[in-house]
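Comments concern the structure below.
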Amino acid sequence: MSRGRVVFIDDEPDLCAAAADWLDVSGFAVETHTDPLAALAAIDTDGCECVVSDIRMPKLSGLELLERLQKADPDLPVILLTGHGDVPVAVEAMRAGAYHFLEKPYDAEQLVSILDNAVEKRRLKREISRLKHQPDDIEARMIGISPAMAHIRRSILHLADIEVDILITGETGTGKEVAARALHDFGRRRSGNFVAINCAAIPETIFESELFGHEKGAYTGAGAAREGKLVFASGGTVFLDEIESMPLALQAKVLRVIQERVVEPLGSNRQIPIDVRFIAATKTDLRAESEAGRFRSDLYFRLATVDLALPPLRGRREDIGLLHSVFARRAAERFGLPLRELSPAALAELESRPWPGNVRELKAFAERTVIGIDSATSPEEGGAPSLPEQVARFEAGVIARALDQAEGSSARAALLLGVPRRTLNEKIVRYRLRAIAESGEFPLA
């Protein structure tokens, strides 16, 4: 994927050529136009992720171009290039919906950083919109724009119809049951039952009866025969969550069921064939557990024919903004409350957190934010934020205040803070502080 698909419009051919060379080298896919009317006719709003346009052009001004593009696609970011005398006009244009403006001669690296933010915002909005309109799509289940999640989605769709047992590994809260349900729902077994069994939640004394079933009188209190969960799941999928918690004494019996696909209820001599797919999940290293004698090695190797490893949230930080937006919108709809959007600085702080509870923790945080009992700057439950987190929060806040004092000028803010402008711009991009220009309070120049 390119860094972004950009249309650059300026009536000066040399400026178009220079911009195209720089942006192309920077990883953007660039289309240039010297005729704004021709550009307007050629722009494909579905494929374009940002438009950069000069304000003063013959035939059609940048402001007129902005107005027409907003009618075609209100979410398409438009960056305006201005001469010194056009700055007040550009500020008004931002209040009218322009994403940003740069005063000529502009800094090429600054244009790249603004484009990165504009493209990211465009992609997040599109992803949220797509998820709302395609709730049964795999991408609505396994949410994320990161390469790691794209790989997980491809793996799930590839494995869904292959009759092989699967071991899903991942830390607490990474979405192991969500992945298991997706394997079931997108495969040929979707019409059968999906039976989730938490191996840590069932007491050992009734574990065997729950899985295999029992006949009447099989043990004290068994007043009637009962079908076990494995028979009930026949034709569908059995999900063995936290399988590392399964008692060793039962592991041999479960291994036999997985190998033979037959169940013998307690108190019975008859064997019942079952047609199920087994998906197991663990948050521990089962190989290490088996080597230590705490988990049967033969059961581990039987389950680990395919090992689907889910990444922790800290390994796909680019997904945090999207996930928070999705969870917050769902919570706002469910609770009938207004959506509480995060500031750019707050979102940058979220991306710096370790998230030991992964996606589950982020979802709970988003819901608390919507309800109004949490904020993006409060410590997570269970302990104070780490030193890097506190430093990141403090730095983002200081830069935001300096930009405010400098009326959005990164050059003046750099002087106030006593740091090189390039260094400050890199931190502005890291903490996503350029998005504060969307408020129209002041431009970032």
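The set of residues from the range 382-406 being among the acidic types (Asp, Glu) and either more than 26 Å from the chain's Cα centre (by Cα) or modelled with pLDDT of 70 or more (or both) comprises 395, 404. Of all residues in the range 318-351, those satisfying the criterion of being in contact (Cβ under 8 Å) with a residue 60 or more places away in the chain, under 16 Å from the mean Cα position of the chain (by Cα) and closer than 22 Å to residue 129 by Cβ are 318, 319, 321, 322, 323, 325, 326, 329, 347. Screening the candidates 242, 227, 210 for the property of being under 30 Å from residue 313 (Cβ atoms), open to solvent by 10 Å² or more (accessible area, probe 1.4 Å) and touching a residue at least 12 places away in the same chain (Cβ under 8 Å) yields one hit, 242. Take the conditions (1) under 28 Å from residue 185 (Cβ atoms); (2) of a type in the set (S, T, N, Q); (3) open to solvent by less than 60 Å² (accessible area, probe 1.4 Å); residue 268 misses just one of them, which is (1). All of 191, 129, 234 fail the test of being open to solvent by 10 Å² or more (accessible area, probe 1.4 Å), farther than 22 Å from residue 358 by Cβ, touching a Pro at 6+ places or on another chain (Cβ under 9 Å) and of a type in the set (Gly, Ala, Ser), apart from 234. Pairs meeting the criteria (first residue in the range 271-288 and free of Cβ contacts under 8 Å to residues at least 40 places away in the same chain, second residue surrounded by fewer than 18 Cβ atoms within 10 Å (Cβ to Cβ) and part of a loop (DSSP other than H, G, I, E, B), beta carbons under 6 Å, at least 6 apart or on different chains) are 271/264. Considering the range 299-323 alone, what residues qualify as being over 16 Å from residue 165 (Cβ atoms) and assigned to a loop (DSSP other than H, G, I, E, B)? Within the range 299-323, 310, 311, 312, 316 qualify.
Is it true that some residue in the range 364-377 is assigned to a loop (DSSP other than H, G, I, E, B), modelled with pLDDT of 65 or more and over 30 Å from residue 79 (Cα atoms)? Yes, some residue in the range 364-377 is assigned to a loop (DSSP other than H, G, I, E, B), modelled with pLDDT of 65 or more and over 30 Å from residue 79 (Cα atoms). One residue stands out among those in the range 1-38 that are closer than 27 Å to residue 124 by Cα and among the β-branched types (Val, Ile, Thr): the one that is most open to solvent (accessible area, probe 1.4 Å), which is 25. Only one entry of 113, 53 meets the criterion of being closer than 17 Å to residue 409 by Cα and either surrounded by 20 or more Cβ atoms within 10 Å (Cβ to Cβ) or in contact with a helix residue (DSSP H, G or I) (Cβ under 7 Å, 6 or more places away or on another chain) (or both), and that entry is 113. Among the residues making up the range 303-315, those that are under 16 Å from residue 361 (Cβ atoms), touching a residue at least 60 places away in the same chain (Cβ under 8 Å) and either surrounded by fewer than 21 Cβ atoms within 10 Å (Cβ to Cβ) or among the aromatic types (Phe, Trp, Tyr) (or both) are 311, 312, 315. Summed over the range 281-298, residues that are in a loop (DSSP other than H, G, I, E, B), surrounded by 12 or more Cβ atoms within 10 Å (Cβ to Cβ) and not polar (S, T, N, Q) total 5.
The values are calculated or read from the model by the stated rules, or taken from the named source; none is laboratory data. Quick caveat, the model's predicted, so the values are computed rather than measured. With ideal geometry, Cβ positions are generated from the backbone for all residues, glycine too; neighbour counts draw on all protein chains shown. Calculation scope for accessible area: heavy atoms of the full protein, side chains included, ligands and nucleic acids excluded. Shrake-Rupley method; radii C 1.70, N 1.55, O 1.52, S 1.80 Å.
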